[in-house]
1. Taking into account only those residues within the range 215-266 that are outside any loop (DSSP other than H, G, I, E, B) and of a type in the set (D, E, K, R), which is modelled with the highest pLDDT?
2. Take ILE417 and decide whether it is touching a strand residue (DSSP E or B) at 6+ places or on another chain (Cβ under 7 Å), in the same structural domain as PHE315 (by TED's automatic domain parsing), at pLDDT 85 or above and of a type in the set (A, V, I, L, M, F, W, C).
3. Looking at (1) under 20 Å from SER1008 (Cβ atoms); (2) among the polar types (S, T, N, Q); (3) outside any helix (DSSP H, G or I), which one does THR947 not meet, given that it meets all the others?
4. On the basis of being assigned to a helix (DSSP H, G or I), farther than 23 Å from ARG1059 by Cβ and aliphatic (A, V, I, L, M), does ILE1006 make the cut?
5. Based on this model, can you work out whether PHE824 counts as under 19 Å from TRP708 (Cβ atoms), buried (at least 17 other Cβ atoms within 10 Å of the Cβ), in the same structural domain as ILE780 (by TED's automatic domain parsing) and more than 44 Å from the chain's Cα centre (by Cα)?
6. Looking at (1) outside any loop (DSSP other than H, G, I, E, B); (2) without any contact (Cβ under 8 Å) to a residue 60 or more places away in the chain, which one does THR973 not meet, given that it meets all the others?
7. Among the residues of the range 392-414, is there at least one that is in a helix (DSSP H, G or I), surrounded by 14 or more Cβ atoms within 10 Å (Cβ to Cβ), over 30 Å from the mean Cα position of the chain (by Cα) and modelled with pLDDT of 85 or more?
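The values are calculated or read from the model by the stated rules, or taken from the named source; none is laboratory data. All values reported here derive from a predicted model rather than from experimental measurement. Here the Cβ is made from the backbone with ideal geometry for all residues, glycine too, and neighbour counts use every protein chain on show.
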Amino acid sequence: MFAGFDAQEISDDSEPEVIQEKKLTQNDKSSVGSMSSPDAAKKKKKKNKKGKTKREAEKQVDELEKQVNNLNSQKRLKQDQQMSSQQADQTMNQDIDADILEEEEMKLAKEGEMLENVIQIEQQMDQVGYKEEDYIVERFEWANCIHEYVAPKGFVRPEYKRPIQRAKQYQFTLDKFQEKAVECIERNESVLVAAHTSAGKTAVAEYSIALALKNKQRVIYTSPIKALSNQKYRELQEEFKDVGLMTGDVTINEQASCIVMTTEILRSMLYNGSEVTREMAWVIFDEVHYMRDKERGVVWEETMILLPTVVKYVFLSATIPNAREFAEWIVKIKQQPCNVVYTDYRPTPLQHFIYPIGGEGIYMVVDQNGQFKEQNFTKAIAVLENDLNLDKIMEDKKNRKGGPQKTNQNAEMKKIITLIVDKGLDPCIVFSFSKRDCEAYAMSLKGCDFNKDDEKDSIKKIFNNAMGSLAEEDASLPTIQSMLPLLQRGIGIHHGGLLPIVKEVIELLFQEGLLKILFTTETFSMGINMPAKTVVFTSIEKFDGDEYRWITGGEFIQMSGRAGRRGLDDRGVTILIANKKLEPEVAKSILKGSSDPLYSAFHLGYNMLLNMMRIEDIHPEDIILKSFHQFQNERACPQMKAKLSELVAEYKSISIPLEDKLEKKAKYVSQQKKIQTQINEIVCEPENIVPFLVPGRLIKVKSETQDWGWGILVSWTRQKINPKKFLMGANNKISKDLDILTRQENHYILDIYLYVKNRLTNDNLIQAGDVTQKDGRLGIVPVILHPSQIAGVSTIQMNLPHNLNNQDNSKQVETMFFEVMKRFDNGNKLMLLDPVDDMEIENKDLDKLIKANQQIDYELQKLNEKYLSQQVQDRHEELFERKKELKHTIIELEESVKKASEMIMKSDLVNMKRVMRRLELSDKNDVPTLKGKVACSISASDELLVTELLFSGMFQSLDPYQIAALASCLVFTDVKGEVKMPRDEKFTQPFSQLTQAAEKVATIMIESKIPLDKEEYVQKFRPDIMEITYKWCQGAKFKEICEIAQDVYEGTIIRAFRRLDELLSQMTEASKIIGNMELKTKFEEAQRGLKRGIVFAASLYL
């Protein structure tokens, strides 16, 4: 609702551009809202000055009260006349009664239908796919290890005999969970191993590889990302030799018995019927909890469903609470046993500390036994007590005079890193949720040197050897040259914006113990085993793409798992830098919270559907019904059935006297709310309300979540802004009602003196104060003029003094405000401007609404006097509300159960098939056309748009480098911010054609009932790197293109170019399918221009 506090006093966002001059302004905006605390001298005012201010305020309020009393008398007389008229108006009365009667009949019908549905649902539930008795489940428990064996009903498990000579000999004694997992593999059974980072899951995977190689079988090792595949290849190649690698970028020894690959490569092999997939005996899925990823998680499910039933699996996962649910799914779709071996044991126990910003040290809040230290936590958080105090915040801002806020945080970082090194708690990983912050924190350690001379020499040697593979011009890049001095001091940076080769050398240096402090983003928490002694979190909240939120217990567990090196440290240490106050329960949920469950991110894609249509004996419906998403829905059914029965029993048990009258009252109240909302919408139309927006006018403000009470209008402006950005600038959640506002509109922003609490919420949100408790202060809050925000406009208009920045004037307004609230029952007795008599709004709909509202008032009064005031008690009202709530919950649960017992995404499938037919990708029998077969080969970008462009003929008129430049728009889609539009016509014209094609595709999807924001879809294809792509293909140096694209990280450019290479490769293949050899030649030439230099430098792991 609000744009900020005291004209963006809280928000650091810049003021939105004002495109029209300010109207009706009492004072200049800059002089209006100083909310800083009065200085010491002004706090000691003379008593006679205070008395004078109060007397002036009381005198003005007396005058206002007289005016209001006169208005009240006039309005009461008018209301009496209207009431007499209404009593005579039988037609309206009959209409409303008829509406109520009709609603009562509908209510009885719906109630009968609701209970009938429950009976039908209970019958349907017996037919649902999940039944607990379909599974054999055996559970075994040991200290620090749980083993669950899950098998299909009727499966006979052979007796286990441990082999005399195991396939792999270990140089250490296996932990219990490792021993049990190895036994499962020796039984030739699939197993899910769920354990913390660094617990030793890799040892289990290695055993399955050793066993497969011993039995002359082929084994596939999949990982979520290419970088991790490269690292894993190096590790396994050293151990087993007969190892290959396939990532799309690189193919090494594809005939090897053990092949490491990304999950996407394995999926493509399965769709294309590769020979490799027919020879597999074992598949290892590393980081299987990555299935939760909303973009790429579906690839894991697709792959698992498509794999032959004879294949056995090793799933490696972080700790997940629903591991058995996953195992049951595998048992169902593969009809083979699947074991779960679970441990939450940490070989190196953790101690958790909090470091409050501004504090003097760290406080242990969870010890190595997992005990939460409430007293220590309270001490730590007490340091942040003023963190949410408005006086303190504004005083700090005033003292900073707009200076960078990061300065203090950087100083605190230097202090804590020094403390860590002095206490011997290095090596240390510092997690930050921003690439720029990682770099800023590293740069803040000026003057810090954590390495000895021999370590500096080793770093220089390793670094120079790594960079020796680059051309001289690339090795002299500023980012490479500036990195070595930092590394030599024992400080590293690791994030996705770095050059891949720099990232890899930093990983190698950290593994060798040559880096003492590593600043990194959370992506480092997923990957090869690189533990440290200490892990630091620079913040306890993160921006997840939609809003700032606390990190979850699962995210904390994953990242903190890097702390504590097995065999080297007796304990691991995690330190949370607390930069804002948090409640003990929030802290416990983070520090001691449970892992995030494994849930399905399954969704349908056009590439997936077309590939399934292309393969015999596989239908889209099959993969949907076999999905983990469908299984989770079905598995939840029995619990929902039990809950539904429980709620219905409670509903039937509630008996209330005069329930029909309470129901009638509820209908009247509901109708009246709708009518009053419609009246308010008419009142808040700018042409009606703006003439009354004069300084001093009392206005009632509300939001979806809070009633902000009455405030005093100071001024208003008309501005062209993006409301979403405007609102988020103040850390306020966006009202759904405001979604209708667009950035093209001019919006009225009201600066209103509102009474707010002197303390922000833990989410840094302003909260409404309580005038009766005097727990806050008056402050200017910009409010968007919208019916969802403005609840009423009073007849009262205060005389505001000139220059509210003056402390005396400000105090006078505050005194006046409190006096008005006191005299008018905290605003409850304030009269609103009458839309007709006062505002003189001429609107036929308004007249009807006002009459209907008055009639409902009359009916409610009659109902209360005749029945409810004497016979209905408070507890009856409470029971009625409970019954209403139960009914609502039952209907919702019925809908959920109905959906759970049906095939998921049924309507999505129908709509997507409609899109494919309209785009001529498939025929009426759902058989892929030539165009559809082309779309099957595109997975590196939007398959619909790429296929449309290929068949439009537009690439024919472009040269190869123009093609590469245009194709860059199809892969550079994961960025935000202002679009950098090239000016050269050789880029603008093709991009315009691409945009038109995207609009066509979006229109067809929308017409086919696919939920889609057309503007958002079209704008995700960005032209920002067209120019640098073209220049790179022409032979420009990497340094030159980095200078052109200064706002883009080098690593981001390289990642985009590598995705572009993958897309061009797929478009080359598509040209072959089409039979256009000329186009194929162009794509190949574009690839040759792209594929050179540092962009495609070989990985150090290979």
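1. For the range 215-266, the residue satisfying everything is ARG218.
2. When the stated conditions are applied, ILE417 does not pass them.
3. (3)
4. For ILE1006, the condition - assigned to a helix (DSSP H, G or I), farther than 23 Å from ARG1059 by Cβ and aliphatic (A, V, I, L, M) - is met.
5. Against the criterion (under 19 Å from TRP708 (Cβ atoms), buried (at least 17 other Cβ atoms within 10 Å of the Cβ), in the same structural domain as ILE780 (by TED's automatic domain parsing) and more than 44 Å from the chain's Cα centre (by Cα)), PHE824 qualifies.
6. Condition (1) is where THR973 drops out.
7. Yes.
Residue by residue, here is whether (1) out of contact with any helix residue (DSSP H, G or I) (no Cβ under 6 Å at 6 or more places or on another chain); (2) within 27 Å of THR319 (Cα to Cα) holds:
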site: GLN171; (1), (2): yes, yes
site: ALA205; (1), (2): yes, yes
site: ALA210; (1), (2): yes, yes
site: SER223; (1), (2): no, yes
site: ASN230; (1), (2): yes, yes
site: GLU238; (1), (2): yes, no
site: MET246; (1), (2): no, no
site: VAL260; (1), (2): no, yes
site: THR263; (1), (2): no, yes
